[in-house]
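Worksheet: the structure to be examined is printed underneath.
The values are calculated or read from the model by the stated rules, or taken from the named source; none is laboratory data. Worth saying up front: this structure is predicted, and the values here are computed from it rather than measured. Reconstructed Cβ throughout: ideal geometry from the backbone, glycine too, with neighbour counts over all protein chains shown. Ligands, DNA and RNA are stripped out before the accessible areas are found, and what is left, the full protein with its side chains, is counted by its heavy atoms. Shrake-Rupley method; radii C 1.70, N 1.55, O 1.52, S 1.80 Å.
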Amino acid sequence: QVQLVESGGGLVQAGGSLRLFCAASGRTFSSYAMGWFRQAPGKEREFVAAIRWSGGSTYDADSVKGRFTISRDNAKNTVYLRMNGLKPEDTAVYYCAARSGSMYYTAHEYNYWGQGTQVTVSS
């Protein structure tokens, strides 16, 4: 069982940066692949980035490639999403998710979800 709590969201101007945090509980955190997803009003939940349990492999959506970086610190039970060059279209609620096994880019593959953190980018 894994419980996830996101933080770090806020209001930022276009071109700015934010760093999101996802704190996980549970002794087996290091065995879980982690993902970040986002959902804008009226839209479906969208994949952003994923990272393997070891942190040695990551996968980013084309829409954020080169701007966002996912990382993790298993000693701190934390996953991060560094977001640079933010655009108004990045505005959404950002969720972190966990699954046992390989990383995936589809939401239904993930078993555990946080409550989300709002990111708003003004133009």
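Pairwise over distinct Cα atoms, reciprocal of the mean inverse distance: report the Kirkwood radius of the chain in Å, one decimal place. Walk me through the intermediate numbers first.
Details: mean 1/r = 0.0710 Å⁻¹.
Taking every pair of different Cα atoms in the chain, averaging 1/r and inverting gives 14.1 Å.
Cross-link partners among aspartates and glutamates for LYS87, C-alpha distance below 17 Å, same-chain residues fewer than 8 apart left out?
Partners found: GLU46, ASP60, ASP62.
Please report, in debye to the nearest 20, how large the charge dipole of the chain is about its Cα centre when each Lys and Arg carries +1 at its beta carbon and each Asp and Glu carries -1 there. Intermediate results must be reported in sequence, preceding the final value.
On the way: 13 positive and 9 negative charges, 55 e Å.
The dipole magnitude comes to about 260 debye.
What whole-number value in Å² describes the accessible area per residue of the chain for a 1.4 Å probe?
On the way: 6320 Å² over 123 residues.
Accessible surface, normalised per residue, equals 51 Å².
Share of the chain's accessible area from carbon and sulfur, percent, 1.4 Å? List each step's numbers first, then the result.
Values: 2970 of 6320 Å².
That share works out to 47 percent.
Out of SER25, MET103, SER123, whose Cα points farthest toward the positive end of the dipole of the chain (charges: +1 Lys, Arg; -1 Asp, Glu; placed on Cβ)?
SER25
Evaluate E = 1/(1 + (r/R0)^6) for SER57 and SER123, where r is the Cβ-Cβ distance and R0 equals 41 Å; express this FRET efficiency to the nearest 0.05. Don't skip to the answer; put the middle values down first.
Details: r = 34 Å, r/R0 = 0.84.
Once the sixth-power term is evaluated, E becomes 0.75.
Any chance you could run the full-extension gain for TYR105 through SER31? It's 0.36 nm times the residue separation minus the Cα-Cα distance, nm to one decimal.
On the way: separation 74, 0.36 × 74 = 26.64 nm, distance 1.74 nm.
Here the segment from TYR105 to SER31 would lengthen by 24.9 nm.
With a cut-off of 8 Å between alpha carbons and a minimum separation of six or more residues, what is the relative contact order of the stretch 40-123 in percent? Please report the intermediate quantities before stating the final value.
On the way: 119 pairs, mean separation 23.7, N = 84.
Relative contact order comes out at 28 percent.
Note down the accessible area of ILE70, probe 1.4 Å, to the nearest 10 Å².
Roll a 1.4 Å probe over it and ILE70 shows about 10 Å².
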